[in-house]
Amino acid sequence: MNESNSLQNHIGMPQAIALYIGAVLGSGVLIVPGLAAEMAGPASLLAWGFMTLLILPMALSMGLLSAKFPNAGGVSHFVTLAFGERAGTLVGWFFLMSVPIGAPVAALTGAGYMSAAMGWGEPARIVLAAAMVIAGLAMNWVGMQLAGKVQIAVVLAIVVVLVFAFAAALPRMDSTAFTPFVPHGWMNVGKATAILFWCFIGWEAVSHLSEEFKDPQRAAVKGVTIAAIIVGVLYFLTALAVVGTQSYLRGSSSSLVWMISRPLGQWGGMVAGLTGLFICTATIIAYVGAASRVAYAMARQGHAPQWMSRMSGRFHTPIGALGFLLLCFTTVMTLYGSGLVSLTTLITFPNATFILTYIGGCAAGIRLLKGSRSGVIISWISFAATAAVFPFTGMAIAYPCIVIAFYLGFTFYKKRKNPLKLQAVPANRSDQRTEVS
């Protein structure tokens, strides 16, 4: 592949760490600590502690695969190597079709915090959310070198605000807030753990950017380890402050906002709103980058429309895939703005496809990391934890069924259009699998 039609290696260790943190430390940190405390009381800290320990194997399973098999296909590529072309392509479509809904949801969540803090109405929220999505697309169009630098600045701002919120809450924490420790029973602690799981997925997203790492081994393994530790500590400290100050009793969805606002007075609302804006923008940048790369990877292999593989001659970025995402984002934002779908409805759609993507990646890790005993154990832990949560997706299982139907329809269309070419692709991939083995 010539240089003008290939991705560039611009992502160093700092950018990789920032992208990992941005992908995982999403809008959940604004809401979930209060929600978990409301559900399980002070015992919710046990759930946070358990998930903080589990976060490292979940992160490392994706990091080890990215280091060993760096490819824009990410999880889709890993599953292809482990289980064949069809399984890998399907997982790729699962991830690709999660982001067109997930990114607008993140944008609307962040814009909602900002508009609420400033007293703006719903129209302003939609305009602000659209601007966040466009910013994510623009960053990835210019290239991951710039996007990575912006991500570093955004993540640093998030870390500073969260550390400040904990430090400001520390003098107001009271030991009586931790008694009774299990006010709602141990069953609710288990339910809280299931909710917390959603805060700790996202490691699979950056695997799609591994082809652009300057040093895949260092950035993927060391970078993801550092990011996992930072994310785990920030989540736990935030939860500790929410419980210790009992701010969740003021409303689970506004507990963190209250902690930030109180010590800053009239500026508190703006800082809280900007925090939500930054957190969600970081998530959008990471996921737009990941989705555009997987679309590009599948298109160059013939498993997505060929125009998605079109590259920017100036920036060497997948402009065709970014155009596809722009079309999807516009559709979703239009549906929301017209009132045809609510934010609650949109949130439920991508859950099952995100989880299935992660399950596929962990299963691939079990097979592909056989040369490393620790790698296999880590993959098994991640697979078991993710599979245990999947039944809780409920009616969201309908969305991957729609994606499967679309994939089968596209495959049938390609087969009728060019049957010889379609049959040739699995043979080439089979050779690649043998070579890797």
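The values are calculated or read from the model by the stated rules, or taken from the named source; none is laboratory data. Given the structure is predicted, the values throughout are model-derived calculations rather than measurements. SASA here: full protein model, heavy atoms, side chains in, ligands and nucleic acids out. Shrake-Rupley method; radii C 1.70, N 1.55, O 1.52, S 1.80 Å.
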* To do: Post the alpha-carbon centroid distance, the range 191-231 to the range 4-79, in whole angstrom.
  => 3 Å
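If each residue of separation counts as 0.36 nm, what is the full-extension length gain between residue 145 and residue 186 once their alpha-carbon separation is subtracted? Please list the in-between numbers first.
Working: separation 41, 0.36 × 41 = 14.76 nm, distance 4.68 nm.
Working it through step by step, the gained length comes to 10.1 nm.
Where does the chain land at 222 nm, in deg cm²/dmol rounded to the nearest 500, when only DSSP H runs of n ≥ 4 count, each adding -39500 (n - 2.57), divided by all residues? Walk me through the numbers on the way to the answer.
On the way: 18 runs with 318 residues, N = 437.
Taken over the chain, the calculation gives -24500 deg cm²/dmol.
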* Asked: How large, in percent, is the carbon and sulfur part of the accessible surface of the chain at a probe radius of 1.4 Å?
  -> 67 percent
* Relative to the compact globular guide of 2.2 N^0.38 Å, what is the alpha carbon radius of gyration of the range 37-113, as a ratio? -> 1.50
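Please work out the average accessible area per residue across the chain, using the 1.4 Å probe convention, and give it in Å².
Values: 17700 Å² over 437 residues.
It amounts to 40 Å² per residue over the chain.
For the range 221-347, build the convex hull from the C-alpha positions and give me its volume per residue in Å³. Mind dumping the intermediate values first?
Numbers: hull volume 24.0 nm³, N = 127.
Taking only Cα atoms, the range 221-347 has a hull volume of 189 Å³ per residue.
Could you work out how much longer the chain between residue 310 and residue 8 gets when fully extended? Use 0.36 nm per residue separation minus the Cα distance between them, nm to one decimal.
Working: separation 302, 0.36 × 302 = 108.72 nm, distance 1.45 nm.
Between residue 310 and residue 8, full extension yields an extra 107.3 nm.
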* Asked: Can you give the percent of C-alpha pairs in the range 140-286 whose distance is more than 25 Å?
  -> 39 percent
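Can you tell me the convex hull volume per residue for the range 13-416, based on C-alpha atoms, in Å³ to the nearest whole number?
Working: hull volume 52.0 nm³, N = 404.
Convex hull volume per residue, Cα atoms: 129 Å³.
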* Residue-span extension gain [residue 330 to residue 344] - 0.36 nm each, minus C-alpha spacing -> 3.2 nm
* Any idea what the alpha-carbon Rg over 2.2 N^0.38 Å comes to for the range 170-222? -> 1.96
* Taking Rh as the Kirkwood radius, which is the inverse of the mean 1/r over Cα pairs, what is the Rg/Rh value for the range 262-333? -> 1.23
